[in-house]
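Structure first, commentary second.
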Amino acid sequence: MSEEILLNVKNIKKKYGEIEALKGIDLEVKKGEVVVILGPSGCGKSTFLRCLNGLEDISEGEIILNNYGILGKEVEFEKVRGTIGMVFQSYELFPHMNVINNILLGPTKAQNRSKEEVEKEADELLKRVGLFNRKYAYPRELSGGQKQRIAIVRALCMNPEIMLFDEVTAALDPEMVREVLMVLLELAQNGMTMVVVTHELEFAKHVADKIVFMEEGKIVEESSPKEFFENPKTERAKSFLSSFDLYK
Ligand code: ADP
């Protein structure tokens with residue numbers, strides 16, 4: 001991880017009518033850093049990622065992307081859409097397109113890159129996630145874990161500087177969770193800057209440089225994984241962690 005700050009979030013707030021989903025979030029993400037966001041359902045994790053990627057307007061605050069400027073003000077999100085890649089819980093592949101066409105769509109249409117150039121990159125990425133042999137398959141012919149790995153390749157093909165992952169294993173059968181987490185781990189180890197929302201605590205412990213724990217629209221703890229898992233500071237984090245110990 002370098003000391004260069006890639007993404008700087010300053011006091012962002014988000015309201016849905018009367019509901020204050022984000023109540024002032026500050027966060028710095030360094031180049032190559034893996035930030036894992038934990039917290040109970042409804043605390044604002046997903047809203048936060050969606051704001052970072054411009055899928056939601058923020059009500060207040062600033063999101064500054066290094067080398068570009070303030071997103072939504074100086075820089076249109078559309079212009080940097082590929083720079084901040086995002087993968088969701090559901091894969092959102094186009095069902096009528098095969099794998100390679102799903103992958104090529106963004107880079108060739110939104111980024112105007114040549115099909116040949118992107119396809120070469122896509123082939124390499126498909127090999128990296130172990131799915132080169134499914135290049136011409138349709139989404140319906142793939143398992144959930146495979147679809148999710150393709151969704152990751154599709155986002156990576158836009159050459160993002162930072163990747164956001166919103167509970168990408170939550171909809172998967174347990175045996176497929178691992179194959180997707182292994183892809184995330186490999187990305188992290190190769191220096192990708194990542195913000196990851198997950199409920200996979202063992203994975204979080206292993207992969208995170210920094211754990212951010214949210215409660216009711218705020219960050220209430222920000223620490224190293226070791227510190228967070230061994231010595232959580234707030235009662236809310238303690239009870240959150242103990243809820244995972246039910247069957248241990
Ligand atoms: P998490 O990802 O931590 O489960 P969310 O970000 O999905 O939490 O939700 C945070 C809060 O914002 C919740 O109270 C939720 O009901 C509310 N919320 C999220 N999306 C919307 C929306 N599109 N319209 C209204 N309220 C929303």
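Determine the share of the stretch 125-248's accessible area contributed by carbon and sulfur atoms, expressed in whole percent, with a 1.4 angstrom probe. Roughly 49 percent, rounded to a whole number. Karplus-derived 3J(HN,Hα) values for the stretch 208-219, using 6.51 cos²θ - 1.76 cosθ + 1.60 with θ = phi - 60°, are 6, 8, 9, 9, 10, 10, 10, 8, 6, x, 10, 8 Hz; glycine and proline are entered as x.
To the nearest 10 degrees, how steeply does helix 115-128 sit against the main Cα axis of the chain, on a 0 to 90 scale? With rounding to tens, the tilt is 60 degrees. The alpha carbons of the stretch 130-246 stretch over 50, 33, 24 Å along the principal axes, in descending order.
Here the stretch 62-102 is treated as an ellipsoid with the same Cα gyration tensor; its semi-axes, largest first and in whole Å, are 29, 11, 8.
Charge dipole of the stretch 96-157 (Cα centre as origin; +1 on each Lys and Arg Cβ, -1 on each Asp and Glu Cβ, all else neutral): 200 debye, rounded to the nearest 20. Between the amide H of Leu6 and those of Val29, Lys30, Lys31, distances stay under 5 Å, these residues lying 5 or more places away or on another chain, with hydrogens modeled in the peptide plane. With K and R counted +1 and D and E -1, the other residues having a Cβ less than 15 Å from that of Glu216 yield a net charge of +2.
Over the Cα atoms of the chain, the radius of gyration divided by the Kirkwood radius equals 0.96; this is the Rg/Rh ratio.
Heavy-atom accessible surface of the chain, averaged per residue, reaches 49 Å², computed with a 1.4 Å probe. Rounded to two decimals, the Cα radius of gyration of the stretch 80-162 over 2.2 N^0.38 Å is 0.98.
The values are calculated or read from the model by the stated rules, or taken from the named source; none is laboratory data. Source: prediction; values computed, not measured. Methodologically, a virtual Cβ is constructed for each residue, glycine included, from the backbone with ideal geometry; neighbour enumeration extends over all protein chains shown. Quick note on the areas: whole protein, heavy atoms, side chains included, nothing else; ligands and nucleic acids left out. Shrake-Rupley method; radii C 1.70, N 1.55, O 1.52, S 1.80 Å.
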